[in-house]
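Colleague: Could you have a look at this structure, given as structure tokens, before my questions?
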Amino acid sequence: MKYRHSFHAGNFADVHKHVTLLALIASLQRKDKGFLYLETHAGRGLYDLHGADTHQGAEARLGIGALQAARCDRPQVAAYLDALARARGNANAASAYAGSPVLAALALRAQDRGVCCEIQAAECRALERALRCYPRMRCECVDGYQAIGALLPPPERRALVLIDPPYEEQADDLQRATDGLGKSLARLANAVVALWYPIKDDRDTGPWLERIAPRLPVPALVAELWLHPRDARVGLNGSGLLIANPPYQLDVEMAQWLPALGAALGATRQGGSTVRWIAHEQH
Ligand SMILES: C[S@@+](CC[C@H](N)C(=O)[O-])C[C@H]1O[C@@H](n2cnc3c(N)ncnc32)[C@H](O)[C@@H]1O
């Protein structure tokens with residue numbers, strides 16, 4: 001495997017995914033009962049936006065950089081920016097970008113716990129260092145899809161699963177991620193599962209969503225944000241999240257803040273955003 005998330009850290013897709021992740025955690029925390037946060041594809045947790053690894057934050061300039069310059073006033077965006085500032089403070093690294101394991105770790109309460117899986121040993125060692133000051137989150141150097149079988153159902157009977165593969169091979173990764181989603185729900189029917197997917201060409205993601213939607217056993221929605229026309233040949237046109245068992249009112253709240261986030265990231269010119277149910281719409 002050659003994939004290094006460093007090149008993409010803090011880009012618009014990371015911003016979309018991470019704002020949504022924190023909004024999901026906040027929704028789950030409306031109940032006192034603790035939950036397991038399980039991340040199947042974790043990355044290294046912290047990325048230096050001034051370093052060579054991130055190409056001096058080239059992609060981040062159009063992501064977190066654009067968002068900070070735009071001053072979006074939505075509470076979900078403010079919560080994300082606040083978490084990023086705290087992660088930077090804890091790491092004593094003002095130019096760091098915090099990946100999902102660190103952002104989630106910051107949000108976990110005493111009654112919650114998290115497990116992050118990363119298959120590449122060097123990335124996993126870096127993740128271990130990044131998580132040192134977050135005792136609620138541990139990392140494992142294992143295949144995240146196998147961890148689903150090992151860790152679900154958890155004793156808490158509540159879980160949030162994030163599936164965020166590298167998509168080096170788009171069709172294979174989409175299939176494996178779909179299987180991971182199905183396996184999570186088979187092991188814990190009420191699990192909230194967020195599956196990230198890239199929007200590079202609608203001719204790939206459109207038929208995939210149409211194929212899996214009728215087979216989903218639980219309510220599910222998709223939240224998509226794109227900066228370029230959805231069939232442009234620029235590489236990554238947009239960012240999508242399929243969310244199974246979305247918490248109550250998440251769709252209503254997202255319909256408010258996702259367009260504002262998209263506008264802050266420059267999605268107004270050729271881009272856009274959508275939140276729509278694909279299975280068992282809830283009212
Ligand atoms: C897109 S990155 C994760 C980014 C991270 N979720 C974030 O938002 O900060 C995908 C990561 O998954 C790792 N990976 C690939 N296949 C895996 C597998 N089967 N199990 C666990 N990790 C895997 C890669 O090494 C890479 O670091």
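Derivation of every value follows stated rules applied to the coordinates shown; laboratory data play no part. Worth saying up front: this structure is predicted, and the values here are computed from it rather than measured. Glycine gets a Cβ as well: all are built from the backbone with ideal geometry, and neighbour counts include every protein chain shown.
Colleague: So which residue, out of 26, 232, 177, gets the largest mean-square fluctuation from a GNM of the chain using Cα contacts under 10 Å as springs?
Modeller: 232
Colleague: With r defined as the distance between the Cβ atoms of residue 143 and residue 71 and R0 fixed at 45 Å, what FRET efficiency is calculated, to the nearest 0.05?
Modeller: My answer for the efficiency is 0.65.
Colleague: Let me make sure I get this right: for the chain, a, b and c are the square roots of the gyration tensor eigenvalues over alpha carbons, sorted descending. Under 1.5 in a/c it's rounded, otherwise prolate if a/b > b/c, else oblate. Which is it?
Modeller: Note, shape of the chain comes out rounded.
Colleague: Something else now. Restricting to the chain, what percent of DSSP beta bridges are antiparallel, rounded to 5?
Modeller: Of the beta bridges lying entirely in the chain, close to 60 percent run antiparallel.
Colleague: Further question on the same structure: Could you let me know the centre-to-centre spacing of region 127-155 and region 62-98, using Cα atoms, in angstrom?
Modeller: With region 127-155 and region 62-98 each reduced to a Cα centre, they are spaced 24 Å.
Colleague: Students often check this: by mean Cβ neighbours within 10 Å, which of 12-19, 234-241, 108-115 ranks highest, and how do the rest follow?
Modeller: Packing proxy ranking, top to bottom: 12-19, 234-241, 108-115.
Colleague: Give me the one-decimal nm value for the distance between modelled label points at residue 111 and residue 234, 7 Å along each residue's Cα-to-Cβ direction.
Modeller: Calculated label separation equals 4.5 nm.
Colleague: Taking only C-alpha pairs under 8 Å that are 6+ residues apart, what is the relative contact order of region 147-283 in percent?
Modeller: Worked out over region 147-283, it gives 25 percent.
Colleague: Next up: If you take the beta carbon distance between residue 61 and residue 263 as r and set R0 to 25 Å, what does 1/(1 + (r/R0)^6) give as a FRET efficiency, to the nearest 0.05? It would help to have the intermediate numbers written out before the result.
Modeller: Numbers: r = 17 Å, r/R0 = 0.70.
Efficiency, rounded to the nearest 0.05: 0.90.
Colleague: While we're here: With the crude spin-label approximation of a point 7 Å out along Cα→Cβ, what separation in nm comes out for residue 276 versus residue 94?
Modeller: 4.5 nm
Colleague: So how do 40, 20, 268 line up by other beta-carbon neighbours within 10 Å, fewest first?
Modeller: Listing 40, 20, 268 from fewest to most nearby Cβ atoms yields 268, 20, 40.
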